[in-house]
Amino acid sequence: MEKGYKIIARNVRFSKECEIDIIAKDGQETVFVEVKTRKTLNSGHPFEAIDRRKIEKIYLGVLNYIDKNNVKNWRIDAVAVTGTVLPKIEHLKNIGLD
């Protein structure tokens, strides 16, 4: 919300395998956001948990949503939250399968 996004929905479940953490609007684009949180980096950076398999599952939900809601402009973002007292928040725009 600090970046001007308008939150449309949170924790949208499309199946047992697919849940999208946040669906938002950024101007004319619909943004599907995957959020990963870690208290510490001991078990790796939160972005490391967003692997190819996870992105493929997100795509299934996105395709379902854009078909049912006639969405033309969209992207997938990732947000990493690290720490608890003063969490560090990192935002990657337009992640995908390359």
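The values are calculated or read from the model by the stated rules, or taken from the named source; none is laboratory data. As the structure is a prediction and not an experimental result, all values here were calculated from the model. In this analysis, Cβ positions are derived from the backbone assuming ideal geometry, glycine residues included, and neighbour counts consider all displayed protein chains.
Pairs only if they're at least six apart or on different chains, beta carbon under 8 angstrom, first in the range 74-98 and among the β-branched types (Val, Ile, Thr) and loosely packed, with under 15 Cβ neighbours inside 10 Å, second at pLDDT below 95 and outside any strand (DSSP E or B); list them, first residue then second.
Note: pairs meeting the criteria are 84/39.
Which numbered condition in (1) free of Cβ contacts under 8 Å to residues at least 24 places away in the same chain; (2) of a type in the set (A, V, I, L, M); (3) under 27 Å from residue 39 (Cβ atoms) is the only one that residue 63 fails?
Unmet condition: (3).
Tell me the residue from 42, 64 that is part of a helix (DSSP H, G or I), out of contact with any Gly (no Cβ under 7 Å at 6 or more places or on another chain) and among the polar types (S, T, N, Q), please.
Every option except 64 fails the conditions.
Yes or no: the range 13-32 includes at least one residue that is among the hydrophobic types (A, V, I, L, M, F, W, C), out of contact with any strand residue (DSSP E or B) (no Cβ under 6 Å at 6 or more places or on another chain) and touching a residue at least 12 places away in the same chain (Cβ under 8 Å).
yes
Spot the failing condition for residue 10; the list is (1) touching a residue at least 60 places away in the same chain (Cβ under 8 Å); (2) surrounded by 11 or more Cβ atoms within 10 Å (Cβ to Cβ), and only one is missed.
Checking residue 10 against (1) touching a residue at least 60 places away in the same chain (Cβ under 8 Å); (2) surrounded by 11 or more Cβ atoms within 10 Å (Cβ to Cβ), the one that fails is (1).
Using the structure shown, decide if residue 15 is touching a helix residue (DSSP H, G or I) at 6+ places or on another chain (Cβ under 8 Å) and either more than 14 Å from residue 93 (Cβ to Cβ) or of a type outside the set (Val, Ile, Thr) (or both). Reasoning before the result, please.
Values: touching a helix residue (DSSP H, G or I) at 6+ places or on another chain (Cβ under 8 Å): yes; either more than 14 Å from residue 93 (Cβ to Cβ) or of a type outside the set (Val, Ile, Thr) (or both): yes.
Taking the combined requirement at face value, the residue satisfies it.
Picking from 55, 66, which residue would you name as being under 12 Å from the mean Cα position of the chain (by Cα) and surrounded by 15 or more Cβ atoms within 10 Å (Cβ to Cβ)?
Going through 55, 66 in turn, the sole match is 55.
Can we say residue 32 is among the aromatic types (Phe, Trp, Tyr), in a strand (DSSP E or B) and surrounded by 12 or more Cβ atoms within 10 Å (Cβ to Cβ)?
Values: among the aromatic types (Phe, Trp, Tyr): yes; in a strand (DSSP E or B): yes; surrounded by 12 or more Cβ atoms within 10 Å (Cβ to Cβ): yes.
Here the answer is yes, as residue 32 does meet what is asked.
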